[in-house]
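Taking it in order: structure first as structure tokens, then the write-up.
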Amino acid sequence: MNSPYICGPKPGSISSAKHILTLFRKDLLLEIRQQYTFYGVLLYVASTIFVLYLSMGGPESTVWKGLFWMMQLFICVNAVAKSFLQEGKGRLLYFYTIAGPKDFILSKLLFNALLMILMSLVSLGLFVLMLGNPMPNPLSFVAISCLGGISLSLVFTFLAAIAARAQQNAALMAILGFPLIIPQLLLLSKISNIAFEDVLQGGLATMSAVLLGLDAMIIALSLILFPFLWKD
Amino acid sequence: MIRQKWWKILCGVLLVYTFIAGFLGSVPAKPILNETIRNLYFHVAMWFAMMVLFTVSVIYSVRYLRTNNHKYDIYALEYTRGGIVFGILGFTTGSIWARWTWGAFWSSDPKQLGAVIALLIYLAYLVLRNSMTDMDKRARIGAVYNIFAFAMLMPTIWIIPRLMESLHPGGMGNPALDTHDIDARMRVVFWPGAVPGWTLLGVWITTLRIRLAILTEKKEDLHPAPNQARKLRNA
Amino acid sequence: MHKKIYKPLFTLLACLMAITLWAQPTGDTSKVEMADRFRADGKIYVVIAVLVTILLGLFIYVIRLDRKITKLEKDFNNK
């Protein structure tokens, strides 16, 4: 009768939210302390864009758009790959036992989504700075690139979890991820037309809804499938 | 079910029917396509067979995760392999058909794109499995990826044609086959004959491979020769 | 025991053929060029004969493979 749950909050939603926040804070602290991802990816983005600038100057808007989303893809692989690959097996097992797989994957999804939003904004800034701004509506593109960053990070977070379990290898993640990410990239580059064209085509709202639906499906799949990945 | 005879005979009967009626039956006279419209019975049926085999594979992956029965992992793997074979056949025949009707082996048609994506996804599944040596781990992670990939593939196949159409306004100028082009004469060969016939053939060959894989494994349990047996199974 | 099964299957084949005949066109008036001459010559039967032979050959091959595996399984279970 002297269970700690009697006077405290019930286990379940509240404690799981706490777990997620704790794990999220752990990732954030680790990131702030090491600053590996942020500066590493920043340098990666800056040097790639600089090479692009040297080779083509200010490209026209379709090329600009295509390059931007391809950059996002590679940034995402680099930034997200670290989230599982950096942690040793023992440490992952420890997190798993104290927090449970669902909280763990949710905290990773949340952290990577925020990381990718930041990275998308930084690379958007660098793109505009170095390759020029071909967009009539840059503000709406800020929102779209955030949405894109979130969508990409969700898929690659789950694939990083798979790749980390299979083999500590980031190349495997790319092999698994590139075919799967095609629909999202196509959707994103269509939705980007909002920022690139003055006259809007119909159906863009539907496409955004489809993209959000895909994101929701990926989160649900991650929650269902991740516990099986982690079982040993 | 696997060892019963009736569905294998049914498969033979349906395919013989497809071959005979497919060439003797008359078809709608369409410009450009002309007689090649008969490819429908062979080429398009490959896609149906592929999708059925992939769907069965996912069902076995789910069953594997629920029961941890190693047999279901063999089922899932072999159904995927069967699906890939049919996918490659469908893709190749599609390219050949496209070359002589639309004018190029590759014309970035949404259906071609969807097919390539499906093939890449499932080839990645095989790569993923081969990257692990521990059997339990390979089975479990393979099953998780299989389910995830299948769930992503379905919306992809639904989304891509809608995006590509809007990329090429005015509708494709090419005589792509859709259900409106097939009239009753073709439907009676395609639906009862070609689709179930080719699908059953795929299932048949897959069950043979499954039985062979299970036999190999049993033999390995009796006379363990780990390295060689594993090599054989992965070949 | 399987003799019972052949009859309905071949009835099915016959029915399918009959449906095909019934679903023949009521006269194609379009001017699209089809291989009508080829058909009129009766050469189409040569093509069908070749294809059905290949198909049957493959079937026999798969059936023999099936039997072989069944035999292996039996041997194995008797051990």
Would you mention how many residues in segment B:8-25 are under 17 Å from B:MET186 (Cβ atoms) and open to solvent by less than 30 Å² (accessible area, probe 1.4 Å)?
8
Could you count how many residues in segment A:149-172 are within 17 Å of B:VAL127 (Cα to Cα) and β-branched (Val, Ile, Thr)?
1
When residues of segment A:211-223 are filtered for being surrounded by 15 or more Cβ atoms within 10 Å (Cβ to Cβ) and within 10 Å of chain B (Cβ to nearest Cβ), how many remain?
6
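Here is a yes/no grid of residues against (1) within 11 Å of chain B (Cβ to nearest Cβ); (2) farther than 30 Å from A:ARG91 by Cβ:
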{"residue": "A:ALA143", "(1), (2)": "no, yes"}
{"residue": "A:LEU147", "(1), (2)": "no, yes"}
{"residue": "A:LEU152", "(1), (2)": "no, no"}
{"residue": "A:ALA160", "(1), (2)": "no, no"}
{"residue": "A:ALA171", "(1), (2)": "yes, no"}
{"residue": "A:PRO179", "(1), (2)": "yes, yes"}
{"residue": "A:ILE182", "(1), (2)": "yes, yes"}
{"residue": "A:ALA195", "(1), (2)": "no, yes"}
Any residue that is of a type in the set (Val, Ile, Thr) and more than 16 Å from A:ILE181 (Cβ to Cβ) - is there at least one of those in segment B:111-119?
no
Would it be correct to say that A:ALA113 is hydrophobic (A, V, I, L, M, F, W, C) and open to solvent by less than 20 Å² (accessible area, probe 1.4 Å)?
yes
Scanning segment A:116-136 for residues that are touching a helix residue (DSSP H, G or I) at 6+ places or on another chain (Cβ under 6 Å) and surrounded by fewer than 16 Cβ atoms within 10 Å (Cβ to Cβ) gives A:MET130
Of the conditions (1) within 16 Å of A:GLY66 (Cα to Cα); (2) assigned to a helix (DSSP H, G or I); (3) in contact (Cβ under 8 Å) with a residue 12 or more places away in the chain, A:VAL128 satisfies every one except a single condition; which number is it?
(3)
Selection count where residues are within 10 Å of another protein chain (Cβ to nearest Cβ), closer than 22 Å to B:VAL13 by Cα and either over 18 Å from the mean Cα position of the chain (by Cα) or open to solvent by 50 Å² or more (accessible area, probe 1.4 Å) (or both), scope segment C:33-46:
1
When residues of segment B:199-222 are limited to those that are closer than 16 Å to B:PHE86 by Cβ and out of contact with any Phe, Trp or Tyr (no Cβ under 7 Å at 6 or more places or on another chain), the one surrounded by the fewest Cβ atoms within 10 Å (Cβ to Cβ):
B:ARG209
Just checking, which of B:ILE74, B:ILE147, B:ILE141 is over 26 Å from B:ASN39 (Cβ atoms), open to solvent by less than 30 Å² (accessible area, probe 1.4 Å) and more than 14 Å from chain A (Cβ to nearest Cβ)?
B:ILE74
Out of everything in segment B:26-44 that is β-branched (Val, Ile, Thr) and surrounded by fewer than 16 Cβ atoms within 10 Å (Cβ to Cβ), what residue ends up being nearest to B:PRO196 (Cα to Cα)?
B:THR36
Regarding segment C:58-68, can at least one residue be identified that is at the interface with chain B (Cβ under 10 Å from one of its Cβ atoms), at pLDDT 80 or above and closer than 24 Å to B:LYS30 by Cβ?
no
Could you identify the single residue in A:ALA160, A:ALA205 that is farther than 18 Å from A:TRP69 by Cβ and open to solvent by less than 40 Å² (accessible area, probe 1.4 Å)?
A:ALA160
Applying the selection to segment B:52-67, what residues are open to solvent by less than 50 Å² (accessible area, probe 1.4 Å) and aliphatic (A, V, I, L, M)?
B:LEU53, B:VAL56, B:VAL58, B:LEU65
Single residue of A:PHE141, A:PHE226 found to be farther than 28 Å from A:PHE127 by Cα, assigned to a helix (DSSP H, G or I) and touching a residue at least 40 places away in the same chain (Cβ under 8 Å)
A:PHE226
Could you please find all residues in segment A:150-202 being within 19 Å of A:LEU121 (Cβ to Cβ) and part of a loop (DSSP other than H, G, I, E, B)?
A:SER192
Odd one out for A:MET135 among (1) in contact (Cβ under 8 Å) with a residue 12 or more places away in the chain; (2) closer than 30 Å to B:LYS137 by Cβ
(2)
In segment B:31-70, residue nearest to the other protein chains (Cβ to nearest Cβ) [restricted to those that are of a type in the set (Lys, Arg) and over 23 Å from B:THR92 (Cβ atoms)]
B:ARG66
Residues located in segment B:85-115, provided they are in a helix (DSSP H, G or I), within 13 Å of chain A (Cβ to nearest Cβ) and either at pLDDT 90 or above or at positive phi (or both):
B:GLY87
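The values are calculated or read from the model by the stated rules, or taken from the named source; none is laboratory data. All of these numbers come straight from a predicted model, not from anything done at the bench. FYI the Cβ positions are ideal-geometry reconstructions off the backbone, even for glycines, and counts take in every protein chain you see. To get the accessible areas, we keep the full protein, side chains included, count just its heavy atoms, and leave off ligands, DNA and RNA. Shrake-Rupley method; radii C 1.70, N 1.55, O 1.52, S 1.80 Å.
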